[in-house]
Amino acid sequence: MTERLANILISAFPDMLAAGFKITIPLTVLSFVFGMVLALLLAIVQVANVKVLKQISQVYIWFFRGTPLLVQLFIIYFGLPSVGIVLPAFPAAVIAFGMNVAAYNAEAIRAAILAVPVGQTEAAYLIGLTYPKLMIRIVLPQAFPIAFPSLFNNLISLLKDTSLASCITIVELMATAKQIVGRTYESLALYIEAAIIYLIFSTVLTWVQGFLEKRLGWGTKDVKPKRRSGLKAGI
Amino acid sequence: MLEVRQLYKSFGSEGVLRGIDFKVNKGEVVAVLGPSGSGKTTLLRCISFLERAQQGELIFGDLRHDMSHIGKRMIRQFRMQMGFVFQNFNLFRNMTALRNVMEGLTAARKMPRREAEEIAREMLKKVGMEDRADYYPDQLSGGQQQRVAIARAMATNPKIILFDEPTSALDPELTGEVLDVMKKLAEEGTTMVVVTHEIGFAREVADRVVFMEDGLIVEEAGAEEFFRNPKKERTVQFLRRVLTGSEAVGQDTSAG
């Protein structure tokens, strides 16, 4: 490796990392939070069999899973201004990514809700619980650990997908790499460097997932929170 | 106190209940016997509206309603005064035994936590589970789970408790502890309907026995009368089969 290339890579590293922390990660987190709220609504209107809303939810999921994320992003950022809706790039990206990941999360949540044994629903109704209480107190607390691995998968995918934001003028990690390539023409080395930074981020996320699953007993079949003290005290 | 009139229920074209008239008096323990597929479980599930009947009328306490055309709110009114014990316990797996028993009081009846906890602990004590209050269902044996489920059904002070084959999912050596709890409840004057295969329990604890087959009540009598002097051919057959079966098991264990 020449000294010039080494210098380019070394000086590019903090720039890319900074773009990652300042743009890529906030974009991922905000989009995912928005996507979770939306996903919960989409999933619940389906399992609760709410007329019309259920069909809307199905069409929504069909559309957002069936079309490319880049196209969705372009529609929101470049398309909507022609009907008078002008969004700055960052909010447009949050909306596009959030709406997209919501479709995938909704399916994960819906499947998890259906995996909670129906007997508990019957028992809850028989002791007098209403549907919202049944959902909040019994079903969702058990569905969440089941959905957790899929939701986290979607989060990691989203982290990588935010690189598409570089196409709508957002200078996140990928766009930063592109700019440095434009100045130095070292495309192979610099894009590999960008890949490594993405890899670092997603590896950390994988660790976080493993930690949470182990610590809270999430993502395993065992849905109860770990409470050893209670167990010992009982004996 | 609870009365069902002309109850019809079919799944598709198959008639599961074909005109049931069924009555339970206050303080009475009624055992519902019958071969598999006779409709006993469906009868309980219709009474508690887990299955919607095609036709029938339910009279319960001061409530009275058509069983096929009934709204959510009315169903909830009926259910608020019933307890139900499932074959598979159906405890809430995200809650401890104590929280399971409290849930009907706090979440459904808006009782203050402290008061609910006091009642729940009392109920757990009644079923001999007070020292397992902080255990999750997965940490309990089947028999223990069923005892907690019985405590949950009692906690809301229902007028009647419906038991749907409460010991069928249990290992044979665990049925005794559950039956003992139920016996205790019966002695305290709890009104109970028990769908069961436990002939011994029916004989010993029930006041009245209802024998069902093919969606009809074939015979109905006081427990003693029912076992000593069954009237219908079909009942005699059924009793002969289940009784020789259990005696044979008894001989096996004594020999071994």
Looking at (1) modelled with pLDDT under 95; (2) more than 30 Å from residue B:6 (Cβ to Cβ); (3) not charged (D, E, K, R), find the lone condition where residue B:61 falls short.
(2)
Mind listing whichever residues of the stretch B:195-225 are part of a helix (DSSP H, G or I) and within 18 Å of residue B:44 (Cβ to Cβ)?
B:201, B:202, B:205
Restricting attention to the stretch B:142-163, and to residues there that are of a type in the set (Gly, Ala, Ser) and out of contact with any helix residue (DSSP H, G or I) (no Cβ under 6 Å at 6 or more places or on another chain), which single residue is farthest from residue B:179 (Cα to Cα)?
B:153
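Select, from B:169, B:120, the only residue that is open to solvent by less than 20 Å² (accessible area, probe 1.4 Å) and either of a type in the set (Gly, Ala, Ser) or under 23 Å from residue B:188 (Cα atoms) (or both).
B:120
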Single condition residue A:30 does not satisfy, out of (1) buried (at least 21 other Cβ atoms within 10 Å of the Cβ); (2) out of contact with any Gly (no Cβ under 6 Å at 6 or more places or on another chain)
(1)
Mind checking whether some residue in the stretch B:182-195 is free of Cβ contacts under 8 Å to residues at least 60 places away in the same chain and over 24 Å from residue B:82 (Cα atoms)?
no
Whichever residue in the stretch B:207-226 is among the small types (Gly, Ala, Ser) and either modelled with pLDDT of 95 or more or more than 17 Å from residue B:182 (Cβ to Cβ) (or both) and, among such residues, is least open to solvent (accessible area, probe 1.4 Å):
B:215
When (1) under 30 Å from residue B:95 (Cα atoms); (2) under 22 Å from the mean Cα position of the chain (by Cα); (3) at pLDDT 95 or above are applied to residue A:87, the one that fails is (1)
Tally the residues that are open to solvent by 50 Å² or more (accessible area, probe 1.4 Å) and farther than 25 Å from residue A:155 by Cα, restricting the search to the stretch A:188-211.
1
Whether any residue in the stretch B:54-71 is crowded, with 21+ Cβ neighbours inside 10 Å, touching a residue at least 60 places away in the same chain (Cβ under 8 Å), touching a strand residue (DSSP E or B) at 6+ places or on another chain (Cβ under 9 Å) and within 23 Å of residue B:167 (Cβ to Cβ) is what I want to check.
no
Hey, residue A:116 more than 19 Å from residue A:206 (Cα to Cα) and either among the charged types (D, E, K, R) or within 14 Å of chain B (Cβ to nearest Cβ) (or both) or not
yes
Restricting to the stretch A:157-169, give me the number of residues that are open to solvent by less than 10 Å² (accessible area, probe 1.4 Å) and not polar (S, T, N, Q).
4
Residue A:145 - would you say it is within 14 Å of chain B (Cβ to nearest Cβ) and modelled with pLDDT under 95?
yes
Looking at this structure, is residue A:87 assigned to a helix (DSSP H, G or I) and either touching a residue at least 40 places away in the same chain (Cβ under 8 Å) or not acidic (Asp, Glu) (or both)?
no
Confirm whether residue A:92 is closer than 30 Å to residue B:84 by Cβ and assigned to a helix (DSSP H, G or I).
no
Which count do you get for residues in the stretch A:46-103 that are farther than 24 Å from residue A:167 by Cβ and either among the basic types (Lys, Arg) or open to solvent by 30 Å² or more (accessible area, probe 1.4 Å) (or both)?
13
Looking at the stretch B:174-183, can you tell me whether even one residue there is at pLDDT below 95, crowded, with 17+ Cβ neighbours inside 10 Å, part of a loop (DSSP other than H, G, I, E, B) and in contact with a helix residue (DSSP H, G or I) (Cβ under 9 Å, 6 or more places away or on another chain)?
no
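The values are calculated or read from the model by the stated rules, or taken from the named source; none is laboratory data. Please read these numbers as outputs of a predicted model, since none were measured by experiment. Using ideal geometry, Cβ is built from the backbone for each residue, glycine included, and neighbour counts are taken over all protein chains shown. SASA here: full protein model, heavy atoms, side chains in, ligands and nucleic acids out. Shrake-Rupley method; radii C 1.70, N 1.55, O 1.52, S 1.80 Å.
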